[in-house]
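First comes the structure, then the notes that go with it.
All of the numbers you see were taken from the coordinates with simple rules; none came from a lab. Not measured: the values here are computed from a predicted model. Every residue, glycine as well, gets a Cβ built from its backbone with ideal geometry; the counts of neighbours run over all protein chains shown.
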Amino acid sequence: MAGGAIKAAKAASHVVPIAQKYTLESKGIWDWVRRTLAVDPNRSSVTLPAGDIADNPYWKRDARRNYPTLSTITQADAVSLLTVGSQAAPKDDVLQLGEAGAKQIVSVKAEGEERGLAGYFEKNKTGVASVLGANGLPPSPTNLNTVAKESQSTYQLGTENGYPDIYPCRTFV
């Protein structure tokens, strides 16, 4: 009988207190709330939702793979943007007002789906000139467009945006 009590005392000395477990012990009023709501207050320690594996799977927690959603522009979208412009910069000389404008956008998109960009370029030889820069080059990336100029379409990479001169890499320009 005495040997059983000694074994029980030794086993009880190996019990890990709640403060040394994976979850920290609650303090103050929250400890009182936990003890009143728990089935077994000496054994039950509830984790926070961020640490609860059941409702917080790895793919939701992994911020490294939180890639942005890709968007796609079809040829029909490109034809409608070149023809009537965008909502931010509409071509007022081409786009009609009201209900007629909505019908015009639908017809331009349908024509773009049928014929594509090749059909648009055959019909409008100078349609792309409004989008291109002064030299006929495409616009520069947005981080290089700091000062608005007529000859802004020249694309030059500085050392902060490209490789420095001492970098052992061939750059084809």
Any idea how far apart ASN42 and SER71 come out in nm if each label point goes 7 Å out from Cα toward Cβ?
6.1 nm
Using packing as a proxy for protection, rank 118-124, 57-63, 94-100, 76-82 so that the peptide with the highest average count of other Cβ atoms within 10 Å comes first.
76-82, 118-124, 94-100, 57-63
Would you pull out the residues with amide H under 5 Å of GLY85's amide H, same chain only if 5 or more places away, H placed 1.01 Å from N?
LYS91
How far apart, in nm, are two points set 7 Å out from the Cα along the Cα-to-Cβ line at TRP32 and at LYS125?
8.8 nm
